Amino acid sequence: MGEKFLHHSEALELPPSNDFKTFYYKQTLDHFSYRPESYGTFPQRYIINFKYWGGANSSAPILAYLGAEAPIDSAMNGIGFMTDNAIKFNALLVYIEHRYYGKSIPFGSRKEALRNASTLGYFNSAQAIADYAAVLIHVKKEFNANYSPVIVIGGSYGGISQACYQTIRESWSEIETVASQPNGLSILDKEFKTCSPLGSSTELENYLWSVYASAAQYNHPAKYPVNRICGAIDGTYSGNGILSKIAAGVFAYRGKLSCYINEPRNATETDVGWRWQRCSEMVMPISTDNDTMFPPYTFDLESFTIHCNRSYGVPPRPHWVTTYYGGHDLHLILQRFGSNIIFSNGLKDPYSIGGVLHNISDTLPAVYTTHGNALTSSCYASSSFSCHS
């Protein structure tokens with residue numbers, strides 16, 4: 001059924017206030033080798049809010065948001081945790097953009113940076129973490145904040161609800177049943193107001209899968225898309241049938257449009273960038289069984305490898321993340337080598353099952369909220385940028 005978990009985020013359109021100042025750091029292309037081309041540089045964007053900072057002499061902390069798989073523009077308005085705590089601790093706020101997103105583009109242009117695997121080869125998490133360290137060291141030096149502790153913050157993925165679980169679970173077989181009838185695809189076209197005729201029921205199933213996954217992953221206030229979808233599904237008259245209820249959920253999620261599904265859409269930076277990250281190091285072997293609201297699906301590494309080879313000319317490295325960062329026994333690794341990390345989880349977040357939910361040590365506390373959505377981790381250091389995980 002194609003790539004199941006699409007990565008998409010909506011940039012907030014409200015511009016940041018005048019409190020935010022934009023800077024560019026001359027960033028090293030390759031932090032880990034010593035070939036001549038490794039010493040190339042590119043401008044990496046970072047944005048600072050000085051409004052609440054108590055100043056270097058106060059040893060007030062630096063709260064640093066490490067950009068994810070999108071331009072940094074949305075973070076200033078979207079990460080309320082930063083501002084809330086800046087007020088309390090007189091903190092300096094620093095937002096650092098991830099390489100290859102937004103305006104932090106190597107090789108002079110997005111076209112050149114994404115040209116092939118040779119230029120994309122510098123697009124990975126290890127390079128990004130080294131970027132963040134370099135920028136933070138530069139910021140501490142530039143603003144005489146050598147004794148300011150640094151707290152780095154990052155988070156992703158929303159929450160999901162059980163209210164419409166059964167309806168969604170039953171809908172997949174209903175879609176297949178309708179599609180198998182004469183003119184079945186036309187019936188589905190009409191029910192879901194498709195922008196162009198469906199070529200198969202798989203197209204509709206993939207679309208719905210991505211809607212549910214995206215809604216859960218980005219269940220932000222004030223829209224709360226999971227509540228919108230489930231509210232529409234549960235609130236639709238049952239006599240109209242399961243598919244009418246599912247269609248109502250789509251319409252509520254997307255808003256009032258002339259048509260839905262198969263609508264023309266330009267790929268976002270996150271679409272393009274995350275495809276590469278998935279095909280290189282972020283291999284996620286996620287499957288579903290009969291106990292979920294999704295149809296059973298088994299991740300096939302061989303098929304995924306063929307797809308990545310066709311797309312980029314390189315195969316994925318499915319075990320590199322755990323080899324490089326550790327994680328075969330997460331609690332044991334953290335207990336031996338970790339310090340100064342706060343793990344916070346919202347238990348409505350379906351990804352929280354893979355989170356750290358219990359204190360590992362005095363410097364590795366776990367905090368969770370029963371009805372919370374977001375999963376975040378914060379890493380704090382004393383006077384220098386030195387977090388371990």
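The values are calculated or read from the model by the stated rules, or taken from the named source; none is laboratory data. Computed from a predicted model, the values in this text were never measured in an experiment. As a convention, Cβ positions derive from the backbone with ideal geometry for all residues, glycine included, and neighbour counts pool all protein chains shown. Note: areas computed on protein heavy atoms with side chains; ligands, DNA, RNA excluded. Shrake-Rupley method; radii C 1.70, N 1.55, O 1.52, S 1.80 Å.
Taking 0.36 nm per residue of separation and subtracting the Cα-Cα distance, full extension of the segment from T370 to C259 would add 36.2 nm. The residues D362, D234, sorted by heavy-atom accessible surface at 1.4 Å with ligands and nucleic acids left out, run D362, D234 from largest to smallest. With a simple spin-label model that places each label point 7 Å from the Cα along the Cα-to-Cβ direction, the separation between F337 and T288 comes to 3.5 nm.
A Förster radius of 41 Å combined with the Cβ-Cβ distance from Y34 to L357 puts the calculated FRET efficiency at roughly 0.45.
Legend: helices of the chain (whole DSSP H runs) are marked when their alpha-carbon atoms reach 20 angstrom or more along the helix axis and their mean Kyte-Doolittle hydropathy is at least -0.5; marked are 125-142, 201-217. In this structure, N146 and S118 have a Cβ-Cβ separation that, at R0 = 35 Å, corresponds to a calculated FRET efficiency of about 0.35. Over 24 Å apart at the Cα level, from the set K111/K223; K111/K141; K21/K348; K193/K348; K223/K256, are K111/K223; K111/K141; K21/K348; K193/K348. Distance between the modelled labels on N227 and H138, one decimal in nanometres: 4.1 nm (7 Å Cα→Cβ projection). Inter-label distance, T177 to T298: 2.7 nm, where each label sits 7 Å from its Cα along the C-beta direction. Using the average count of surrounding beta-carbon atoms within 10 Å as a protection proxy, the listed peptides 301-314, 183-196 rank, highest first, as 183-196, 301-314. Diffusion coefficient of the chain by Stokes-Einstein, Kirkwood radius over Cα pairs, 10 °C, 1.306 mPa s: 69 µm²/s.
Among DSSP beta bridges lying fully in the chain, give the percent that are antiparallel, nearest 5. Roughly 65 percent of the beta bridges in the chain run antiparallel, per DSSP.
Rounded to the nearest 10 square angstrom, R265 shows an accessible area of 150 square angstrom against a 1.4 Å probe. Annotation for the range 84-161 versus the range 320-347: alpha-carbon center distance of 20 Å. Residue ranges 42-50, 21-29 sort as 42-50, 21-29 when ordered by packing (mean number of other C-beta atoms within 10 Å per residue, highest first). Can you give the FRET efficiency to the nearest 0.05 for K21 and K193, using r as the Cβ-Cβ distance and R₀ = 56 Å? Efficiency at R0 = 56 Å is approximately 0.80.
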